Amino acid sequence: MRINKFMATCGVASRRKCDELIASGHVKVNANVCTKLGLQIDPEVDLVTVDDRPIRLTEKYVYYMLNKPCNVVTTVSDPNGRPTVMQYVPSGKYRIFPVGRLDYNTSGLLLFTNDGDVAQKLIHPSFEFGKTYIAEVKGMLDNNTLNHLRNGVDIGGFVTSPAVVEVLDTQQNRTRVKIVIHEGKNRQVRRMFEAVGSCVLRLQRVAIGKIKLGDLPVGKCRELTKDEVAYIKSA
């Protein structure tokens, strides 16, 4: 088994994050630092450690949804002492991690799991899990601006894929917009609106694919249903 898949299966992090841990020297195989991303290991024989902590295959996978508050970082820990999303999810026997990220000042749906394969499906754009946001932006948006967002905009060396954009309402020089994107670039929705001369005042993610935030209160989490997990795995 490739070492990044083994680490993800053990619930360390997503495969992409595991690659980062390997490349930065945090991972050892049989007491030797490993920096080879494609290394094949035998889970029954080889001892793999992350920061000198042994990891083993997880016996059970768990899946959670959090309604992330604003002003919280999407990391397992923060060197600057800021609150992290981990304080809102169960800290039991299973080591879970956030799938993807939400910006510090963005709220809404964030998923957690110790299942690396499921995390990979949710993160990789080829699986087409559209991410739905409600954005409150400054000013009014004309049809040309909306069509620009729908057709893809350059957010600094990267042109976004076509997006679904729908105006929900306008009031007091502000517009509420529903936008569905398929990538997950850093600050992507905010950068898209900046590219068309607008400014996001408030942003909330309300769905990933068919998994919806619903009426889950801010700061609360729940386990995904069997149907929600099956939906992800069937992609």
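The values are calculated or read from the model by the stated rules, or taken from the named source; none is laboratory data. Keep in mind the model is a prediction, meaning the values are calculated, not measured. All Cβ positions, glycine included, derive from the backbone under ideal geometry; neighbour counts span all protein chains shown. These area figures cover heavy atoms from the full protein model, side chains too; ligands, DNA and RNA do not enter into them. Shrake-Rupley method; radii C 1.70, N 1.55, O 1.52, S 1.80 Å.
Please name which of Val76, Val48, Ile22 has its Cα lying farthest along the dipole of region 15-108 towards the positive end, using unit charges on Cβ (Lys, Arg +1; Asp, Glu -1) and the Cα centre as origin. After comparing all options, I get Val76.
How many percent of Cα pairs in the chain exceed 34 Å?
Percentage above 34 Å: 21.
Think of a 1.4 Å ball rolled over the protein heavy atoms: the chain then has 53 Å² of accessible area per residue. In this label model, Lys28 and Asp46 are separated by 1.6 nm, measuring between points 7 Å along each Cα→Cβ vector.
Here, region 1-104 has an Rg and a Dmax of 14.6, 44 Å when only alpha carbons are counted.
Distance cut-off 27 Å, Cα to Cα: go down the list Lys185/Lys226; Lys5/Lys178; Lys60/Lys233; Lys36/Lys212; Lys17/Lys68 and report the pairs above it. The answer is Lys185/Lys226; Lys5/Lys178; Lys36/Lys212. Modelled spin labels at Asn147 and Thr75, positioned 7 Å past Cα toward Cβ, are 4.3 nm from each other. Derived from the Cα gyration tensor, the three semi-axes of the equivalent ellipsoid of region 144-235 are 27, 18, 12 Å, largest first.
Only Lys, Arg, Asp and Glu carry charge here, each on its Cβ (+1 for the first two, -1 for the last two); on that basis region 25-69 has a dipole of about 240 debye about its Cα centre. Look at the alpha carbon pairs under 8 Å that are at least 6 residues apart: their mean separation over the length of region 103-219 gives a relative contact order of 39 percent. Considering only GluC sites (Glu not before Pro) in DSSP loops that have at most 16 other Cβ atoms within 10 Å, the longest stretch of the chain without any of them is 60-127.
Shape analysis of region 133-189 yields a ratio of the Cα radius of gyration to the Kirkwood radius, Rg/Rh, of 0.96. Taken along the Cα-to-beta-carbon direction at a fixed 7 Å, the label points for Ala230 and Leu57 span 2.5 nm.
So, with a 1.4 angstrom probe, what is the percent of accessible area on region 82-210 that is carbon and sulfur?
Details: 2850 of 6310 Å².
The C+S portion of the solvent-accessible surface of region 82-210 is 45 percent.
Where only DSSP H runs of four or more residues are counted, the chain gives -5500 deg cm²/dmol as its mean residue ellipticity at 222 nm, each run worth -39500 (n - 2.57). Summary of the geometry: region 187-230 and region 109-143, compared by the centres of their Cα atoms, lie 6 Å apart.
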